[in-house]
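Q: Dumping the structure here so I can ask a few things about it.
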Amino acid sequence: MQTNDVRIAAAGAAAWAVAFVVLLIVGLPDEDRWWLWVCVTGFASGLFGVWYVPRLQARRAKQEAARAAQREAEAEADADKPAETAERGRGD
């Protein structure tokens with residue numbers, strides 16, 4: 001299933017930003033002000049996701065392409081081996 005992970009991370013960051021603004025508007029008692037830092041941390045994590053996810057996907061695609069090329073090369077090498085062994089068997 002193909003998803004737009006960057007959009008999901010951006011939506012999460014936006015949700016944390018909205019929560020932060022709402023908490024600022026509503027106002028919190030001093031003992032509950034730590035919720036503001038939870039929102040800041042969530043927003044920062046979302047921004048990190050927006051930055052990191054494209055790099056992660058590019059690296060995974062590059063690794064998968066390398067694995068596919070290696071599998072293809074091994075398949076070609078395996079296809080050549082039976083012909084070589086059959087020729088050796090005839091010469092004996």
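Coordinate-derived values only; no laboratory data. Please read all numbers here as calculations on a predicted model, not as lab measurements. Positions of Cβ are backbone-derived with ideal geometry, glycine not excepted, and every protein chain shown enters the neighbour counts.
Q: Say the dipole of the chain comes from +1 at the beta carbon of Lys and Arg and -1 at that of Asp and Glu; which of 19, 70, 53 then lies farthest toward its positive end?
A: Among 19, 70, 53, the one farthest towards the positive end of the dipole of the chain is 19.
Q: Could you give the angle, 0 to 90 degrees to the nearest 10, between helix 5-26's Cα long axis and the longest principal axis of the Cα atoms of the chain?
A: 10 degrees
Q: Here is a follow-up. Pick from 77, 19, 68: which is most flexible by mean-square fluctuation in a GNM of the chain where alpha carbon atoms under 10 Å apart are linked?
A: Sorting by GNM fluctuation, first place goes to 77.
Q: To the nearest 0.05, how large is the calculated FRET efficiency for residue 22 and residue 56 if R₀ is 25 Å and r is the Cβ-Cβ distance?
A: 0.20
Q: Right, another one. Normalised by the number of residues in the stretch 5-67, what is the relative contact order in percent for Cα pairs under 8 Å and 6+ residues apart?
A: 50 percent
Q: Additional query: How do 59-67, 45-53 rank on mean C-beta neighbours within 10 Å, highest first?
A: Packing proxy ranking, top to bottom: 45-53, 59-67.
Q: Same structure, new question: Charges at C-beta only: +1 for Lys and Arg, -1 for Asp and Glu. How large is the resulting dipole of the chain about its Cα centre, in Debye rounded to 20?
A: 280 debye
Q: Another question, then. Once both axes come from the Cα atoms, what is the angle between helix 34-91 and the longest principal axis of the chain, in degrees from 0 to 90, rounded to 10?
A: Orientation of helix 34-91: about 0 degrees from the principal axis.
Q: When the gyration tensor of the stretch 5-67 is built from Cα positions, what are the square roots of 5 times its three eigenvalues, in whole Å, from largest to smallest?
A: They are 35, 10, 5 Å, listed largest first.
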